[in-house]
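The values are calculated or read from the model by the stated rules, or taken from the named source; none is laboratory data. Since we're looking at a predicted model, the values are computed, not measured. Cβ coordinates were reconstructed from backbone atoms using ideal geometry, including for glycine residues, and neighbour counts include every protein chain displayed. Heavy atoms of the whole protein, side chains included, go into the accessibility calculation; ligands, DNA and RNA do not. Shrake-Rupley method; radii C 1.70, N 1.55, O 1.52, S 1.80 Å.
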Amino acid sequence: MTAPASTAVLIVAAGRGHRFGGELPKQYAQLRGAPVLSHTLRAFLKHPDVTHVVTAIHPDDREMYDAAAQASGAGDKLLPPVHGGAERQDSVRFGLEALEALSPSKVLIQDGARPLASAGLITRVIDALDDHAAALPCVAVTDTLKRVADGLVGETVDRTGLARAQTPQGFRYNDILTAHRAVAGDALTDDAAVAEHAKMAIGLVDGAEDNLKITTQDDLVRADGLMAARLGDVRTGSGFDVHKFDAPGTASEIMLCGIPVPHDCDTVGHSDADVGLHALTDAILGSIGAGDIGEHFPPSDPQWKGAASWKFLAHAASLVTDRGGVIASADITIICERPKVGPHRPAMRKRVAEILSIAEDRVSVKATTTEALGFTGRREGIAAQSIATVRLPLAAEL
């Protein structure tokens, strides 16, 4: 029986990006609250036709890469990174060789600093490899071209038949690995040039104007605007939760917004009874019409007895990510007489931001009392309410 076809992706992220400037290589610059590379990784990790993803990185960047991988959502598709070489061509070859044991049918090679490859573009490149040994996404040249020298404009260049090459560039795996090994040490400009040298037939697929490569700080600003425009479906959800207190002396601390907070009464619940995270989980689920926390984690299911509530919140966040969306803000209000929330608010905000993989300034944690009225005023329990705002894509990406 023939093994099913597989498509691996090699993301090249070992460069230094000297033209970009700044303290970090461009692939680790922040873009909408996460490293550029995390957006690139996520685009391929969530694509249903991609089976494996490997990244070629600079040996000094492992810690930054790990953070980017975590922000991308990672998962079983993501393989350990490989060290790149002195030149891009070396990095590609090392990455291809790292895939040899998997022997994928197809491989896509993507620039790490090109974070806006759409699902439609990825699909077009993969499908083109059914008919061609290589596939190159291109965008037509529409501007008038001029030849320049020494600061002066020379003649106009005929743009007929010219196109701008993009990535991901696709290849039949064995062919491109052989081709790269044959030109090791050369300095070809991209992987399509390697394929040209090997006399491969390269199929043309439609690229996308939005699929820009970040080279300068201006490119980063443009990418931010393009991502915001893609996520034009803004939704809001609310959540509310209550847990009663056990008798005094039953505990030394309770879980609240993901951290332990000193308190002499235990909270009663099937999980760790973190009222703040439960309310926020419901708010996020509500924003995308995904039911409530009880539907996803039934209290009748023994596997959730004593479970850490951050797992519930991370699951809700992953549902947003799976839809191509982002969490724009999370606001939690704790309602109780005791324990006092104020001293722990910074740690709570930090922990919630970590769970959601968003910037800390997108998280608010507040506290109030009911002026000694009601069950919270009598210190019989604790409540929380939350509002979450998410941004989802307006339509299918092309």
Once amide H atoms are placed 1.01 Å from N in the peptide plane, what residues at a sequence separation of 5 or more from Ile11, or on another chain, have their amide H within under 5 Å of its amide H?
Val54, Thr55, Ala56, Gln110
Could you work out how far helix 345-356 tilts from the main Cα principal axis of the chain, as a 0 to 90 degree angle to the nearest 10?
50
quick note, the chain, DSSP beta bridge pairs, % antiparallel (nearest 5) is 60
Give me the percent of accessible area attributable to carbon and sulfur for region 206-285, probe 1.4 angstrom.
51
Gyration tensor over alpha-carbon atoms, region 83-164, equivalent ellipsoid semi-axes in Å:
33, 19, 12
Okay, helix-only estimate at 222 nm for the chain: each DSSP H run of n ≥ 4 adds -39500 (n - 2.57), divide by all residues, round to 500 deg cm²/dmol; what do you get?
-8500 deg cm²/dmol
Calculate what fraction, in whole %, of the accessible area of region 293-398 sits on carbon and sulfur atoms when a 1.4 Å probe is rolled over the protein chains.
54
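Hey, can you find the accessible area per residue of the chain for me, probe 1.4 Å, expressed in square angstrom?
Details: 18880 Å² over 398 residues.
It amounts to 47 Å² per residue over the chain.
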Would you work out which of Ala251, Thr144, Ala290 lies farthest towards the positive end of the dipole of the chain, given +1 charges on the beta-carbon of Lys and Arg and -1 on that of Asp and Glu, about the Cα centre?
Ala251
Relative to the longest principal axis of the C-alpha atoms of the chain, give the angle of the C-alpha long axis of helix 275-287, reported between 0 and 90° and rounded to the nearest 10°.
50
For region 146-188, the accessible surface attributable to carbon and sulfur atoms (probe 1.4 angstrom, ligands and nucleic acids excluded) amounts in percent to 50
Report, largest value first, the span of the C-alpha coordinates of the chain along each principal axis, in whole Å.
82, 59, 38
As a Kirkwood estimate from alpha-carbon pairs, region 198-343 has a hydrodynamic radius in angstrom of 18.4
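Semi-axes, largest first, in whole Å: what does sqrt of 5 times each Cα gyration tensor eigenvalue give for region 296-395?
On the way: eigenvalues 146, 69, 31 Å².
Three semi-axes, in Å: 27, 19, 13.
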Compute the helix-to-body angle for 217-230: its Cα long axis versus the longest principal axis of the chain, expressed 0 to 90° and rounded to tens.
60
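How large is the dipole of the chain about the Cα centre if only Lys and Arg carry +1 and Asp and Glu carry -1, each at its Cβ, rounded to the nearest 20 debye?
In debye, rounded to 20, the chain gives about 400.
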